[in-house]
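Asks: Just passing along the structure, written as structure tokens.
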Amino acid sequence: MAAKSTGSNPDTRTKTLLLFGKTGSGKSATGNTILGEKKFKVSSKGQTTRTYQVETCQRGDLTLKIIDTPDITEKMPDDPSFDPLREVARWIVEAEDGFDALLFVHHFGVRFSDQQKDVFKALEDTFGKEIFRHMIVVLSYGDEFERARDEEGITLEGYLSDKWNGLSGLLERVDRRLVLFDNRTKDEEKRASQVDGLMNRLRDVMDAHGGQPYRSKYLPPRSPAHVPAIRQSSAGREPPTNVPYPQDAAALGIVPSDAQEAKVQSVYDAMVEARSRNICPGLCSVL
């Protein structure tokens, strides 16, 4: 059964999920599976996500806010204004109330590379070990696993424990929270079952933290009057010209209010300052 799309009205039960991973891992397709409809752009031609995109849906009693993100480890030669550290600052501000879960999407059969390990070490250095307590691994391309299982007799447990793919260490860090996703399947029952499995892992994370999300230390204290970003079509107001924005941000309907962009600048400045004082040796230095 497809998820019911929702508007942007705030809801105290809204849970924020951030999709994170390499280009081609299936982040956007995973987001579409969770949504129950195609909202995030998917392509086989490489990086198509240039800046974050937000969609919402209803799953049971929970409203989910899903943030799809670009691969911040990749350079974008066609968009020289892209600043990965500022992009991360935008994610942090977009999820001002915190991330309930960070969904690390990884392509089945692809080795967890040294570069990815460096980024995860950087995540820990920058945001602390707490970030792993909110992480769920989504092993995408589940259809390829099923083919390998049928043709080669491999098991999921055997694959995950194999030192070659490099995932075993990460799984220990996240208390083995993992779901297998086949985003290509047309079987609606299978798709629903996959999402149910993810929701169970999300509830595990929520229960472990008393329902409290992860909130970045780089965010300024909450003010009584929260001014959210303005989302409208590309025919509306353009992004501020004093701060470079990814080229397709307006086309995605991401048009920040002045207050929103001021918060982004504040978070960005805090991260840059931390890097200059060598107290942000992780993500700040990798990016």
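Asks: Counting only protein chains, not ligands or nucleic acids, how are W91, W164 ordered by accessible area (probe 1.4 Å), most first?
Replies: The residues order as W164, W91, largest area first.
Asks: Follow-up. Students often check this: by mean Cβ neighbours within 10 Å, which of 174-186, 20-32 ranks highest, and how do the rest follow?
Replies: Result, highest mean Cβ count within 10 Å first: 20-32, 174-186.
Asks: What figure, in Å² to the nearest 10, do you get for the accessible area of T69 with a 1.4 Å probe and non-protein molecules left out?
Replies: 0 Å²
Asks: Rounded, prolate or oblate, given the Cα gyration tensor of the stretch 125-207, with a/c below 1.5 counting as rounded?
Replies: Since a/c reaches 1.5 but b/c is at least a/b, the shape of the stretch 125-207 is classed as oblate.
Asks: For D196, D79, give the ranking by accessible area with the largest first, probe 1.4 Å.
Replies: On the way: D196 90, D79 5 Å².
From most exposed to least exposed: D196, D79.
Asks: Run the simple label-point estimate for R203 and R133 please: 7 Å along Cα→C-beta, distance reported in nm.
Replies: According to this spin-label approximation, the distance is 2.2 nm.
Asks: Beta carbons within 10 angstrom, averaged per residue: use that to sort the peptides 202-214, 261-273, highest first.
Replies: Result, highest mean first: 261-273, 202-214.
Asks: How high is the FRET efficiency between E189 and S81 when r is their beta carbon distance and R₀ equals 51 Å, given to the nearest 0.05?
Replies: It comes to 0.70.
Asks: Based on the mean of other Cβ atoms within 10 Å per residue, sort peptides 58-64, 147-153, 135-141 so the most packed one is first.
Replies: Details: 58-64: 16.0, 147-153: 10.7, 135-141: 24.1.
The packing order, highest mean first, is 135-141, 58-64, 147-153.
Asks: Report the calculated FRET efficiency for E37 and A148 (r = Cβ-Cβ distance, R0 = 25 Å), to the nearest 0.05.
Replies: Taking R0 as 25 Å, the efficiency between E37 and A148 is 0.30.
Asks: Pop out the carbon and sulfur fraction of the accessible area of the stretch 53-176 as a percent, whole number, probe 1.4 Å.
Replies: Heavy-atom surface of the stretch 53-176 belonging to carbon and sulfur, 1.4 Å probe: 47 percent.
Asks: So for the pair K217, R173, with labels modelled 7 Å out along Cα→Cβ, what separation do we get in nm?
Replies: 1.7 nm
The values are calculated or read from the model by the stated rules, or taken from the named source; none is laboratory data. If you're wondering where the values come from, they're calculated on a predicted model, not measured in any experiment. Using ideal geometry, Cβ is built from the backbone for each residue, glycine included, and neighbour counts are taken over all protein chains shown. Calculation scope for accessible area: heavy atoms of the full protein, side chains included, ligands and nucleic acids excluded. Shrake-Rupley method; radii C 1.70, N 1.55, O 1.52, S 1.80 Å.
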